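Reading through the structure tokens given below for one structure.
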Amino acid sequence: MLCTPLINKALDLSYKAHEHHLDRLGSPYIFHLYYIASQMEHENEICTALLKDILEDRTMNLTELAALGFSKCILEAITLLTRPKTMSFETYLRRVSKNELAKKVLIQDLSYDLLLQQVTAGMNETSQKKIMQKQNALSFLQSAC
């Protein structure tokens with residue numbers, strides 16, 4: 001994975017924001033973000049992947065991130081990746097699909113979530129619906145122009 005001063009800054013912020021968070025398997029949540037970032041090639045993509053949940057978790061705001069040197073395109077993508085609780089998943093997907101950077105990060109995020117869901121889920125109806133929703137979302141984003 002590419003390593004730049006800005007990526008190091010994003011790594012540090014991401015680690016501090018999520019150091020006590022665990023995923024469904026009990027692993028540090030930061031591993032999820034590291035995995036997504038490892039699938040990216042460019043600085044903007046890696047920073048966006050690492051910081052994708054930072055607004056949702058209320059750890060930092062856009063003004064603080066901008067002051068640290070994160071570009072407008074990173075800030076815009078992070079904003080798009082932060083789904084308001086009142087927004088439907090379908091509206092969220094349509095919104096993200098219009099921004100290539102946010103879309104690329106969300107595709108990797110959904111792919112990882114889908115894999116984790118399949119590993120951890122039983123075959124109950126709720127789990128099957130979540131898997132189907134993520135598969136449909138992934139298909140939509142991959143086909144969005």
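The values are calculated or read from the model by the stated rules, or taken from the named source; none is laboratory data. If you're wondering where the values come from, they're calculated on a predicted model, not measured in any experiment. Here Cβ is always computed from backbone atoms with ideal geometry, including for glycine, and neighbour counts include all displayed protein chains.
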**Request:** Please indicate, with yes or no, whether at least one residue in the range 28-43 is over 24 Å from Leu141 (Cα atoms) and either surrounded by fewer than 19 Cβ atoms within 10 Å (Cβ to Cβ) or among the aromatic types (Phe, Trp, Tyr) (or both).
**Result:** yes
**Asked** Among Tyr112, Tyr92, which is under 22 Å from Ser27 (Cα atoms), surrounded by fewer than 19 Cβ atoms within 10 Å (Cβ to Cβ) and at pLDDT 85 or above?
**Response** Tyr112
**Message:** Quick test of your reading of the structure: Leu6 fulfils all but one of (1) of a type outside the set (Ser, Thr, Tyr); (2) under 20 Å from Leu115 (Cβ atoms); (3) surrounded by 16 or more Cβ atoms within 10 Å (Cβ to Cβ); (4) more than 12 Å from the chain's Cα centre (by Cα). Name the failing condition by number.
**Reply:** (2)
**Complete:** For helices (runs of 4 or more DSSP H) lying entirely in the range 33-145, having 1 or more residues that are of a type in the set (Lys, Arg) picks out 72-81, 89-97, 100-120, 125-143
**Item:** Index of the failed condition, Ala49 passing every other in (1) surrounded by fewer than 21 Cβ atoms within 10 Å (Cβ to Cβ); (2) modelled with pLDDT of 95 or more
**Value:** (1)
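Please go through the range 60-94 and give me each residue that is of a type in the set (D, E, K, R) and within 19 Å of Ile36 (Cβ to Cβ), ordered by number. Give the steps one after another, and end with the answer.
So in the range 60-94, the residues of a type in the set (D, E, K, R) come out as 64, 72, 76, 83, 85, 90, 94.
Hits for the range 60-94 are Glu76, Arg83.
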